[in-house]
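Undergrad: My questions will all concern the structure given below.
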Amino acid sequence: MKSGTTSLGTLRRDLRTCRLCLEAGYTITPGAIFSHPPQAPVMLVGQAPGITEVEAQRPFNAGSGRRLFHWLEQAGWREEDFRRRYVMTAVTKCYPGKGKNGKGDRVPSKQEQRFCRPFLEREITLFQPRLMIPVGGLAIKLFYPAKMKLNEIIGTAAYFPPASLSNPLNFDLSSAESPATFDQLQSQDGRWIVPLPHPSGASLWPNNPQNKILIDRAIEILAQIRTACYL
């Protein structure tokens, strides 16, 4: 991380005290859920915390966390180490409440996403991660076109070379490389993007045998990056 701890402390305070969505009339549970170690070369970005995350005060708790960390452990990261060493955050930071049909959580509105976007940008600017793992549709759409299907994205990676990161908030895939396989000769000063599907038990997508193959491919890419980049 290239900024001082004071800046990180300010970001944490601002996250915890933000009430923009609540004041705009959204039925959220205020109180941002995130994990910020002092320094971190890896940033995992989810959609939004759920009710169990609010109760436990940590990202990806309970069922979604079990599936997510099963994938990450296959890539070589132990859950305790990952939680301790790396940033875990989300597109929106507060629990958005249940969906209208009572099944699953409400998807945060575009306005809520806009309210939270400056926080995510501050996180990226502060930590300048070498690996970002967007988890689930909202996070993946930060980088990938909305029209792309999940089975066109999972199992692939994008690499932003150092020259493309003079602006650390470069989300433009046209300035990234899309290697067919992991290339350990890529500069460690660049940034890798490796998407994963949402691990919620409410999602049936990961259960499809063909999709499992794509997830396994993503896990292998993550394992190679972790080893080659000493993450």
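The values are calculated or read from the model by the stated rules, or taken from the named source; none is laboratory data. Since we're looking at a predicted model, the values are computed, not measured. Note that each Cβ is placed from the backbone with ideal geometry, even for glycine, and that neighbours are counted across all protein chains shown. Surface accessibility is based on the protein's heavy atoms, side chains included, excluding ligands, DNA and RNA. Shrake-Rupley method; radii C 1.70, N 1.55, O 1.52, S 1.80 Å.
Undergrad: I need every pair where a residue in the range 101-113 that is closer than 13 Å to Cys21 by Cβ has its Cβ under 9 Å from the Cβ of a residue that is surrounded by fewer than 18 Cβ atoms within 10 Å (Cβ to Cβ), sequence separation at least 6 or different chains.
TA: Taking only residues 6 or more apart or on different chains, the pairs are Arg106/Thr27; Arg106/Gly97; Arg106/Lys98; Arg106/Gly99; Arg106/Lys100; Gln111/Ala24; Glu112/Leu20; Glu112/Ala24.
Yes/no per residue for (1) in contact (Cβ under 8 Å) with a residue 60 or more places away in the chain; (2) of a type in the set (Asp, Glu):
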site: Glu121; (1), (2): no, yes
site: Leu126; (1), (2): yes, no
site: Pro129; (1), (2): yes, no
site: Pro134; (1), (2): yes, no
site: Gly137; (1), (2): yes, no
site: Lys141; (1), (2): no, no
site: Ala146; (1), (2): no, no
site: Glu152; (1), (2): no, yes
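Undergrad: Restricting attention to the range 204-231, and to residues there that are among the small types (Gly, Ala, Ser) and touching a helix residue (DSSP H, G or I) at 6+ places or on another chain (Cβ under 9 Å), which single residue is surrounded by the most Cβ atoms within 10 Å (Cβ to Cβ)?
TA: Step one: filter the range 204-231 for residues among the small types (Gly, Ala, Ser), giving 218, 223, 228.
Those left that are additionally touching a helix residue (DSSP H, G or I) at 6+ places or on another chain (Cβ under 9 Å): 218, 223.
Details: Ala218: 21, Ala223: 16.
So the residue we want is Ala218.
Undergrad: Which one of these is open to solvent by 60 Å² or more (accessible area, probe 1.4 Å), touching a Phe, Trp or Tyr at 6+ places or on another chain (Cβ under 8 Å) and touching a residue at least 60 places away in the same chain (Cβ under 8 Å): Leu20, Leu72?
TA: Leu20
Undergrad: Sticking with this one: Based on this model, can you work out whether Arg122 counts as in contact with a helix residue (DSSP H, G or I) (Cβ under 9 Å, 6 or more places away or on another chain), open to solvent by less than 30 Å² (accessible area, probe 1.4 Å) and among the basic types (Lys, Arg)?
TA: Judged against the criteria, Arg122 is not a match.
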